[in-house]
1. Could you list, in sequence order, all residues of segment 171-197 that are surrounded by 12 or more Cβ atoms within 10 Å (Cβ to Cβ) and under 30 Å from Val238 (Cβ atoms)?
2. For Glu46, indicate whether it is in contact with a strand residue (DSSP E or B) (Cβ under 9 Å, 6 or more places away or on another chain) and at pLDDT below 85.
3. Can you tell me how many residues in segment 223-232 are outside any helix (DSSP H, G or I), touching a residue at least 40 places away in the same chain (Cβ under 8 Å) and surrounded by 15 or more Cβ atoms within 10 Å (Cβ to Cβ)?
4. What pairs come up if the first residue lies in segment 192-206 and is in contact (Cβ under 8 Å) with a residue 24 or more places away in the chain, the second is part of a helix (DSSP H, G or I) and surrounded by fewer than 18 Cβ atoms within 10 Å (Cβ to Cβ), and their beta carbons are under 7 Å apart, counting only those six or more places apart or on different chains?
5. Of all residues in segment 364-373, how many are in contact with a helix residue (DSSP H, G or I) (Cβ under 9 Å, 6 or more places away or on another chain) and at pLDDT 90 or above?
6. Counting only residues that are modelled with pLDDT of 80 or more and of a type in the set (D, E, K, R), which one in segment 139-186 is farthest from Gln342 (Cα to Cα)?
7. Mind listing whichever residues of segment 59-79 are more than 52 Å from the chain's Cα centre (by Cα) and modelled with pLDDT of 65 or more?
8. Sort out which residues of segment 283-299 are of a type outside the set (A, V, I, L, M) and either closer than 23 Å to His273 by Cβ or in contact (Cβ under 8 Å) with a residue 60 or more places away in the chain (or both), and write them in order of number.
Amino acid sequence: MDAAVDAVVLIDDAGCITGLNRSAERMFGYVSDELLGRNVKVLMSERYASAHDDYLKRYAGTGIPHIIGVGRDVEARRRDGTVFPAFLSVGKVSDTDPPGFVGFVRDVTVERQAFAALQKERDLARISHTEEQEARQLQERLMHVSRMATIGEMASGIAHELNQPLSAIATYARACQRLTDAGATDDPDFRPSLKEIEEEAFRAGTIIQRLRQLASPAAGVREMTDLNELILGVVTLVQADARLHQTEITTDLVAQPVMAVVDREHIQQVILHLLRNAMEATDQVPGTARLVRVTSRLENGIFELRVEDSGPGLHGAMVDRLFMPFFTTKEAGAGLGLVTSQTIVQAHGGKLTFQPSDLGGARFSVSIPLSGVSS
């Protein structure tokens, strides 16, 4: 018994202690003489002690074990009254009459503390994961709101851009109707007019498709994308807006297709915001000097897009606060566009930086590492 690591307590059929080992003395804080002859309930917490005698009586009368021969978790009590978690196994000593019983008690305080710590760690990890998901969802909503605000600002330009192909469709349709009414469907202008209707409808559909891509909530899916094609698509979309601003947009992009794994909607949003900022900056200079230049280059697996303008530029404290939330140089700006754009670019492993432009205004550069390049 004294060689056993766990506490060993011997009791008779009435539940009185008849012996114990040294591990039991250390665990409960008693010496043997203080426990011999006392009911074993003295070693249990109140809620377990009240049921213990009933277990022994039921086993003696029915032979059906409830704790006899079955291990279970209990609350044990030390001499000083402190309660601790323990695992109790009770066995019957079969060669005695009346029968005796032996209890093996293992202090599981350390195990319970370790389990509680692990559970707390899991709970914290679960909370952290939930908070991270919520933060990501809020960020996506913010990006969507930013896109919708930009599209709202472009509404008049987009309406004008759509009006041109729709007017052309109506004009050619009326011409075809007149030729049909006159029975001149073999007229040499008839088929070209139908072709023009098809092309103008396709042009209008392309504008709407690009607008839908910008307006839809980003799915967060990254795919292999031609960055040049992405840039030209956004430039085409804002050309009508540029005409309203009396601003010329020029492009000088890398000659070959440049492929990278990106979130198309997010990168479109960055390009759109930089172009809109550049056009609005040129409003502050004479119409003949309003220029936005879009260039790209490829070097050492890094694709760099530059958007620069001929506006008045940024100076002093404005430069230091450019990427701070809610800082804006616009009268009606929210101050979130550049912050959102920087977040998107950084999520792609890239950088968004500012330098003065040789056009006189600002130059914003987006650098994105490529996953592959095809030519």
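The values are calculated or read from the model by the stated rules, or taken from the named source; none is laboratory data. Keep in mind that what you see is a predicted model, and the values were worked out from it rather than measured. Methodologically, a virtual Cβ is constructed for each residue, glycine included, from the backbone with ideal geometry; neighbour enumeration extends over all protein chains shown.
1. Thr171, Tyr172, Ala173, Glu196, Ile197
2. yes
3. Going through segment 223-232 one residue at a time, the tally reaches 1.
4. Glu196/Ala168; Ile197/Ala173; Glu200/Ala168; Ala204/Leu162; Ala204/Leu166
5. Final tally of qualifying residues: 4.
6. Asp181
7. Arg79
8. Once the filter is applied, which keeps residues that are of a type outside the set (A, V, I, L, M) and either closer than 23 Å to His273 by Cβ or in contact (Cβ under 8 Å) with a residue 60 or more places away in the chain (or both), segment 283-299 yields Asp283, Gln284, Arg290, Arg293, Thr295, Ser296, Arg297.
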